[in-house]
Amino acid sequence: MHLHKYEKIWLTFGIGSLVLFLAVLGVAAFAFGQQPPSHMASVDSQNLEDTVFAEPGLDQINEDTYRARLVAMTYGYSPDTIEIPAGSTVIFEVTSQDVVHSFTIPGTNVNMMITPGHVNMTEHTFTEPGEYLVICNEYCGTGHHYMQMKIEVTP
Ligand code: CUA
């Protein structure tokens, strides 16, 4: 079979484009991962005791920054209270040990879904002293309406 010169050029161009397209697709999938961008890390929800969530609580990172690792569950959060001085920025890392919950602080822009198997992260700076209530606004069962924790911001 004799291929015309232009046919060869177009055939090469076509295969080249296909290879390039697949390569871009592969790199893009690798770069962005398989999960939505808010899910920065995975965690084994069946074995939280073997993870950084074994002892949930507050760690001070520097003068005015804290990290709060919290576990959401039916129907509450562990720990159920954290206390920080006013002006603190808190990086929240929250996971669920069972079903989907949320971590919502009314009156702020903190409102994230808490999915088992993922470390869900957000941060907030608490400038005003007071007692902040954290609530769950993803229906998670019969005790959903009682699911809450407190953030005490001291003057
Ligand atoms: Cu947890 Cu609703």
Just to confirm, what accessible area per residue do you get for region 112-155 at 1.4 Å probe, in whole Å²? 54
In nanometres, the difference between 0.36 nm per residue of separation and the alpha-carbon distance of Ser17 and Lys150 is 42.2 nm
Given Cβ point charges of +1 (Lys, Arg) and -1 (Asp, Glu) and nothing else, what value in debye, to the nearest 20, does the dipole of region 40-154 about its Cα centre take? 280
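Beyond 12 Å, how much of the Cα-Cα pair distribution for region 84-137 remains, as a whole percent? Can you show the working numbers first?
On the way: 931 of 1431 pairs.
Roughly 65 percent, once rounded to a whole number.
For region 40-154, with all protein chains present and a 1.4 Å probe, just round the carbon and sulfur fraction of the accessible area to a whole percent. The partial results should precede the final answer.
Numbers: 2640 of 5800 Å².
Whole-percent figure for carbon plus sulfur exposure: 46.
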Show the residues, 5+ positions off or on another chain, whose built amide H is closer than 5 Å to the amide H of Glu138. Ser102
Stokes-Einstein diffusion coefficient of region 40-154, Kirkwood radius over Cα pairs, 10 °C, 1.306 mPa s, in µm²/s: 113
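The values are calculated or read from the model by the stated rules, or taken from the named source; none is laboratory data. Here the structure is a predicted model, which is why all the values come from computation and not from measurement. Cβ: placed from backbone, ideal geometry, glycine included. Neighbour counts: every protein chain shown. Side chains are part of the model used for accessible areas, which takes the heavy atoms of the whole protein and leaves out ligands, DNA and RNA. Shrake-Rupley method; radii C 1.70, N 1.55, O 1.52, S 1.80 Å.
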